[in-house]
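Okay, structure first, notes after.
Nothing in this text is a laboratory measurement; each read-out follows from the coordinates by a stated rule. On a predicted model such as this, the values are computed, not experimentally measured, just so you know. Counting neighbours? That spans all protein chains shown, and the Cβs are built from the backbone with ideal geometry, glycine included.
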Amino acid sequence: MRVTAVHAHFLDNMKPTGRWIPSREAPSTDEEAFREAVLSVREPFFIVEKDGATAVARGGTAVIGKAEEKDRDGALPLLAHSPACTPESLGDQEFCRDHSIRYPYCGGSMAQGISSVELVEALCGGGMLAFYGAAGMPLDRVASAIDRLTKSLGPGRPFGFNLIHSPNEPRMELSCAELYLRRNIGLIEASAFMEITLPLVLYRLDGIHSLPSGGVKAPRRIMAKVSRVEVASKFFAPPPASLVAELLGQGRITEEQARMAERIPMAEDLTAEADSGGHTDNRPALSLVPTMMTLRDRMQKKYAYETKLRVGAAGGISTPASAAAAFSMGAAYIMTGSVNQACVESGTSEAVRAILAQTEQADVTMAPAADMFEMGVKVQVVKRGTMFPMRAAKLYSLFQSCEKLEDIPPGDRTMIEKNMLLGSFEDTWDLVCRYFTERDPEQIEMAERSPKHKMALLFRFYLGQASRWAISADPKRKFDYQIWCGPAMGSFNEWTKGTFLEDISNRKAVTVARNLLHGAAVITRLHNLRYQGVIIPELDPAPLTDSCLDNYLQ
């Protein structure tokens, strides 16, 4: 439904469904009247027959069913009607209530502070929920982010932080979880987990207590982001008994808290992550979301939780149509990522935002992940304008075929040192040792015992730095930029083409979010009319400026 072409027609065999009794405002046959009625999502409107033509009526009274003789003079045949459909009503309103937000919209965490404090402040200040991208960040930087958000948003604005699974650095995962507990962070987004870990259970059970009503209250909440049913089932289940027993043995929970753990799920809210940027299994949303909802219902029945399990949708959501599709499947909320990275508040560079603005759906590919390199896990990245995916794939191929650095063919070694590391293996290893001496000394000890692990750490150094080069816009490393991104970016660019949002300086996170939500509400209304026989030629609400949105959303 483009701004300049909004109208409706009826099939010739359409019959009235009732009568419309006018008030003060007369029906209009003008195309602009239909556009305004559809965009005014907080107001119902009607399509009536007037002098043999279809007209849009606002206000008045609709009587559904056979018309009665006592209808007032001036009543017109009612052909279709559209109830109000607000952005707030698209998802699960209990989700919004429980998290103290206005809209069923979340900004997902993007690692290394790409989901910046500015991005979190913007979205949370706009009545939404957002998570700071703590993955890959030093703990002192994470602590500083907690200080700032606590002060800037205040007690009335909810926000969350990311906890990413770190199988190669379990100490870091535990330290991050303990930081959140010390600083009283009440909500985390758990991402890239393949199983439930001790830090997750420690966080979830902290402060759990019984209520006077006999119920159980767990003040620490986890929103899990998963793409596999087997992982989702672990988050919808109670904390694993073995990990609960381990915490009990360590004296970190009481026996009563251990018993209460059996009555709560690890996560009440679970985001079904489809084809997204970063860690992803490239799952199709149309099959993933309904599957997760079936699992939700089964687990709710199995454990008879006192709280309600919910499923949100992420991955590929970057247009009103994709947002409307997620809500129509029953998503409690939607979560965005790639499009937020393209917004001015994100923690990445202007150079990256410029690349993202040119990205098309086919300009993304999978590449080895730095944090789970040895396991063969991949992340989705931009391939246009960078050689990172190809170079990263070469490193993983050599890791599979070689047992130690000395086994690497001389030609490949020269290529890696010259084009990727910009230095010798020996000089780069000194940098790796310096890094892990501060972060996790055990990694160096393992490398001394295992040449294969040493090779992995050396290769991971390149992979890990590649994302930082992009964030800092290092000009010497332009062809090594690792930019996490899904195909949603391409559809976003196509949707915004020719509009004010094509300019990257206008891409503000709240403006984008409100357009996605308002557009989804508009599309939902148009589909409602289509089901009643109205022919809608275009279903693509163009982006509106903030001032225009205010007219329809206030």
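Histogrammed with a bin width of 10 Å, the alpha carbon distances of region 184-254 distribute as 18, 49, 29, 3 percent, first bin at zero. Between the amide H of Val379 and those of Ala367, Ala369, distances stay under 5 Å, these residues lying 5 or more places away or on another chain, with hydrogens modeled in the peptide plane.
Taking amide H atoms as placed 1.01 Å from N in the peptide plane, the amide H of Asp275 lies under 5 Å from those of Arg283, Ala285, each 5 or more residues away in sequence or on another chain.
Hey, what number do you get for the chain at 222 nm if only DSSP H runs of n ≥ 4 count, each worth -39500 (n - 2.57), divided across all residues, to the nearest 500? Don't skip to the answer; put the middle values down first.
On the way: 21 runs with 229 residues, N = 554.
Per the formula, -12500 deg cm²/dmol.
Taking 4 °C and 1.567 mPa s as conditions, region 101-347 diffuses translationally at an estimated 71 µm²/s according to Stokes-Einstein applied to its Kirkwood radius (Cα pairs).
Express as a percent, rounded to the nearest 5, the fraction of DSSP beta bridges in the chain (both residues included) that run antiparallel.
Working: 30 of 57 bridges.
Antiparallel: roughly 55 percent of the beta bridges in the chain.
When every Cα-Cα distance of region 376-450 is counted in 10 angstrom steps from zero, the calculated P(r) takes the values 15, 40, 40, 5 percent.
Positive end of the dipole of the chain (Cβ unit charges, origin at the Cα centre): among Leu205, Ser40, Thr437, the Cα lying farthest that way belongs to Leu205.
Cβ neighbours within 10 Å, averaged per peptide: list 214-222, 323-331, 201-209 in order, most packed at the top. Each step should come with its number before you reach the end.
Numbers: 214-222: 16.3, 323-331: 22.6, 201-209: 21.0.
Ranked from most to least packed, the peptides come out as 323-331, 201-209, 214-222.
The ellipsoid equivalent to the alpha-carbon distribution of the chain has semi-axes of 48, 29, 19 angstrom, derived from the gyration tensor eigenvalues as √(5λ) and listed largest first. Near Arg221, the amide H atoms lying under 5 Å from its own belong to Leu187, Ile188; only residues 5 or more places off or on other chains count, and H is placed 1.01 Å from N.
Neighbour counts of other Cβ atoms within 10 Å put Lys378, Lys394 in the fewest-to-most order Lys394, Lys378. Kirkwood analysis of region 290-357, using all unique Cα-Cα pairs, places the hydrodynamic radius at 14.1 Å.
Computed from phi, the 3J(HN,Hα) profile of region 330-345 under the Karplus parametrisation 6.51, -1.76, 1.60 (θ = phi - 60°) reads x, 4, 5, 7, 10, 10, 10, x, 4, 5, 5, 4, 7, 8, 5, 7 Hz, with x in place of Gly and Pro. Of all DSSP bridge pairs formed entirely within region 101-347, close to 5 percent run antiparallel.
Among the GluC sites (Glu not before Pro) within region 381-438, which fall in a DSSP loop and have no more than 12 other Cβ atoms within 10 Å of their own Cβ?
Numbers: sites: Glu403, Glu406, Glu417, Glu426, Glu438; in loops: Glu403.
Listed in order of number, the matching sites are Glu403.
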